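Written out below as C-alpha cells is the structure these notes cover.
The values are calculated or read from the model by the stated rules, or taken from the named source; none is laboratory data. If you're wondering where the values come from, they're calculated on a predicted model, not measured in any experiment. Counting neighbours? That spans all protein chains shown, and the Cβs are built from the backbone with ideal geometry, glycine included.
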Amino acid sequence: MQERNWTARTKADLIIEVWEVLDCESVGAHELETIQRVVRARFGEATVDSPATIARLLAEEGAVLRHPEVLDCDTKWRAQMLDNTFASTDFSSLGAAAVSMTKLHSWRKNFQSEQGQLRLLHEFVANVKADLMFTSMSEMSSQRAKDEAQEIAQWLSVWHQAPELFSDWLELRLESPGFRNLFPDFEIPQ
C-alpha cells in the first residue's frame, strides 16, 4: 500500500481505516498483512496485533473473513514471533542455560492463555533437549560438553514435567553435592 496520510488516532481506528481503503469484500492473509504493515509503520513494532486479533475487530465491524486464510496467517505470524523470541535463548553452556531457563519460565507464564504459543514453546524445548542429548552422546564432544548437555537436558525435563516447581528445584540442584562435584567452577549468572 502506497504511503498515505492516515487520519486515525488510535490503532483500532487505523485498522478499520486501512480495511476501508482496501475496499475488499472479504478479509484474508493479504489484507491482514497489509494492515499489520501500516500499524507497524504508524505506531511501531510492539503495537502490531496478531492477524486473529485484527480479524476479530474487523468481523465486529462487518467484514467477511476468509477463515482458513486468517487461521493460516495467524499461525505463521505466531510461529515467526516465537522463533524471533526463542532466538534469544542459548543452551550451549550452564551459565547461558541458567539465563535461558529464566526466559522459558517467564514465557510459559505469559503464554498460559495462548495454547498455540504454549504448544510451540514446548515443541521448542523438546527440540533443544533432543539436540542436547545428541551432544551428550557424541564422540566429538568433550567430556565437559557431554556433562553440561546432560545436566541442561535434565533441567529441561524437570521444567517440562513440573514448571511451577522448577525454580525451587534448580536452586536446590545448583547447591547439591552431586552438581558441585561435577561442576565445581560453576557460578550462577547475575
When T102 is run through (1) within 30 Å of I152 (Cα to Cα); (2) over 16 Å from the mean Cα position of the chain (by Cα); (3) among the β-branched types (V, I, T), the failure sits at (2)
TODO: Would you be able to say whether some residue in segment 11-18 is in contact (Cβ under 8 Å) with a residue 60 or more places away in the chain, under 30 Å from L121 (Cα atoms) and of a type outside the set (K, R)?
DONE: no
Some residue of segment 63-75 being under 30 Å from S157 (Cα atoms) and not acidic (D, E): yes
Residue hits (segment 95-130; acidic (D, E) and surrounded by 13 or more Cβ atoms within 10 Å (Cβ to Cβ)) are E114
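Residues are listed down the side, and each one gets a yes or a no for (1) out of contact with any Cys (no Cβ under 6 Å at 6 or more places or on another chain); (2) under 30 Å from L22 (Cβ atoms); (3) touching a residue at least 40 places away in the same chain (Cβ under 8 Å):
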{"residue": "M81", "(1), (2), (3)": "yes, yes, no"}
{"residue": "S106", "(1), (2), (3)": "yes, no, no"}
{"residue": "F134", "(1), (2), (3)": "yes, no, no"}
{"residue": "R144", "(1), (2), (3)": "yes, no, no"}
{"residue": "Q161", "(1), (2), (3)": "yes, no, no"}
{"residue": "F166", "(1), (2), (3)": "yes, no, yes"}
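Table: residues versus (1) within 27 Å of the chain's Cα centre (by Cα); (2) at pLDDT below 95; (3) on the phi < 0 side of the Ramachandran plot.
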residue	(1), (2), (3)
E151	yes, no, yes
Q154	yes, no, yes
F186	no, yes, yes
Q190	yes, yes, yes
Reported set for segment 135-155 where residues are loosely packed, with under 15 Cβ neighbours inside 10 Å and either hydroxyl-bearing (S, T, Y) or closer than 17 Å to D90 by Cβ (or both) is S138, S142, R144
Exercise. Might you let me know whether segment 47-57 holds any residue that is over 22 Å from the mean Cα position of the chain (by Cα), in a helix (DSSP H, G or I) and in contact (Cβ under 8 Å) with a residue 24 or more places away in the chain?
Key: yes
Of those in segment 156-184 that are within 24 Å of the chain's Cα centre (by Cα) and of a type in the set (S, T, N, Q), the residue surrounded by the fewest Cβ atoms within 10 Å (Cβ to Cβ) is Q161
task: Would you confirm whether any residue within segment 109-119 is outside any helix (DSSP H, G or I), among the acidic types (D, E), over 25 Å from P189 (Cα atoms) and without any contact (Cβ under 8 Å) to a residue 40 or more places away in the chain?
output: yes
Among residues of segment 101-131 being among the small types (G, A, S) and modelled with pLDDT of 85 or more, the residue nearest to S50 (Cα to Cα) is S106
key: G44 at positive phi, more than 24 Å from the chain's Cα centre (by Cα) and either small (G, A, S) or modelled with pLDDT of 95 or more (or both)   = no
Residue hits (segment 89-111; farther than 23 Å from R144 by Cβ and in contact with a helix residue (DSSP H, G or I) (Cβ under 7 Å, 6 or more places away or on another chain)) are L104, H105, W107, R108, F111
